[in-house]
Amino acid sequence: MCRINTKSNIVNQGDINNLVVGIINRQCAPFNEDKIKDIVLYHSTGAKISISVSEIEALIKTRLDTLVRNDFVTYKRGQYYPIRIVRSV
């Protein structure tokens with residue numbers, strides 16, 4: 001997998017986006033939005049840009065919606081379940 005910038009190496013919105021997508025793609029067990037948000041907040045502490053929790057939540061919801069519509073994860077009873085591994089070719 002590719003290297004994702006964390007902590008003080010986060011310098012722009014693209015780094016935050018990559019962090020969210022990278023964390024979601026690395027999930028092997030069922031997860032929910034709050035778990036992803038907590039992980040993103042932990043790994044973005046000390047970032048050189050400021051981003052609000054509401055912006056992170058919106059970014060997570062958008063990415064999860066895209067993954068559900070493309071059959072990479074399913075959503076049942078408040079949990080997301082990974083179906084297949086996302087790979088870039």
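Taken together, the values in this text are just the output of simple stated rules run on the coordinates, not laboratory data. Small disclaimer: the values here were computed from a predicted structure and weren't measured. Virtual Cβ from ideal backbone geometry, glycine too; neighbours counted across all protein chains shown.
List the trypsin sites (Lys or Arg not before Pro) within region 14-81 that fall in a DSSP loop (any state other than H, G, I, E or B) and whose Cβ has at most 15 other Cβ atoms within 10 Å.
Listed in order of number, the matching sites are Arg26, Lys48, Arg77.
What percent do you get for the relative contact order of the chain when only Cα pairs under 8 Å and 6+ apart count?
Relative contact order, the chain: 32 percent.
Which of the lysines could a cross-linker bridge to Lys48, judged by Cα under 24 Å and excluding same-chain residues fewer than eight apart?
Cross-link targets: Lys7, Lys35, Lys37, Lys61.
Give me the three principal axis extents of the chain from the C-alpha atoms, as integers in angstrom, largest value leading.
35, 30, 19
Charges on Cβ only, +1 for Lys and Arg, -1 for Asp and Glu, centred on the Cα centroid of the chain; of Gly46, Ala58, Val20, which one is farthest towards the dipole's positive end?
After comparing all options, I get Val20.
So if R0 is 22 Å, what FRET efficiency would Ile51 and Asp71 give, r being the distance between their Cβ atoms, rounded to the nearest 0.05?
With R0 = 22 Å, the Cβ-Cβ based efficiency is 0.15.
With 10 angstrom as the radius, rank Ser52, Ser8 by how many other C-beta atoms surround their C-beta, starting from the fewest.
Ser52, Ser8
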